[in-house]
1. State the number of residues belonging to the range 1-59 that are surrounded by fewer than 17 Cβ atoms within 10 Å (Cβ to Cβ) and basic (Lys, Arg).
2. Answer yes if at least one residue in the range 122-145 is modelled with pLDDT under 85 and part of a helix (DSSP H, G or I), and no otherwise.
3. Give the range 84-103 a look and list any residue that's surrounded by 11 or more Cβ atoms within 10 Å (Cβ to Cβ) and modelled with pLDDT of 80 or more, or say none.
4. I need the helices (runs of 4 or more DSSP H) fully contained in the range 1-102, keeping only those with at least 2 residues that are more than 30 Å from Gly231 (Cβ to Cβ) and among the basic types (Lys, Arg).
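The values are calculated or read from the model by the stated rules, or taken from the named source; none is laboratory data. What you are looking at is a predicted structure, and each value in this text was computed from that prediction instead of being measured. Neighbour counts run over all protein chains shown; Cβ positions are idealised from the backbone, glycine included.
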Amino acid sequence: MSLSWYVEGESFLHRAGSLPKLAFVGFLWITSFVFASPLWNGGLLLFILAVLLVARVPFSSMKAYLKVIVPVMLLFLVLFPLFDRGGTIIVVVGPIEIGWVGVNGGIVAASRLGALFLSTVGILLTTTRERDLVGGLMKGGLPFEASFLLMMTLRFISLSMTDLATIREARRARAMPERENLIQLLRNLVSIVIPLFVATIRRIQTFSNALEVKGFAPGAKRTGVRKEELGASEILYGAFFLALTVLLAALRLKFGWFA
């Protein structure tokens, strides 16, 4: 597994600037919560998938993360109808009643999670180099320390996924069972979580020591970081997505659209 989210490519997403992509992803994030309908949220998810397919973003680069996100989405589709039984009842199985409200809520929640993940990872992180993303965040007014912290958080996620894959491969090499029953499943989780936690804490300590040795101090003037000014096209893109976001939010709040 790669330690970086970025995947080489020549698509229009790869060629686009980091700040316009940040504005676009921010618009998609807010829109996913403005929409509160299976039709609109599902349509937004399909739109993001279409953008990724047109840009030829390889889903194989997100395979490890999709293995986590997709089961959670399926869990939403199952749990919401079981616990939210309002509205018209469509299915009755013994004591279990499934209504339209729960089904709609499950579809909306699953679509939102998929949209948030694919827009952030697929559209932004896999098509933007880390240094360009830090530069874009700084252009948008975020201090270098906050931009650096955000990028290190993203790097820790990918490193933790790499550690998880290593631990699972070590378990398979020792012929340890993945799952047999509920008790065995809980034991497996403990034997995975504890080494992962220890590895993460050790990496944080190593990283903290490295920053201290290099004299990195929050608030200190960074002589090697150059903050670029906003270009006209970046201002235009930002204003466009901001106006579109405000318009959609106003239509939802004022007229109840998209619900």
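1. Qualifying residue count for the region: 2.
2. Taking every residue of the range 122-145 in turn, at least one turns out to be modelled with pLDDT under 85 and part of a helix (DSSP H, G or I).
3. Residues satisfying the conditions are Asp84, Ile89, Ile90, Glu97, Ile98, Gly99, Trp100, Val101, Gly102, Val103.
4. Output list reads 63-83.
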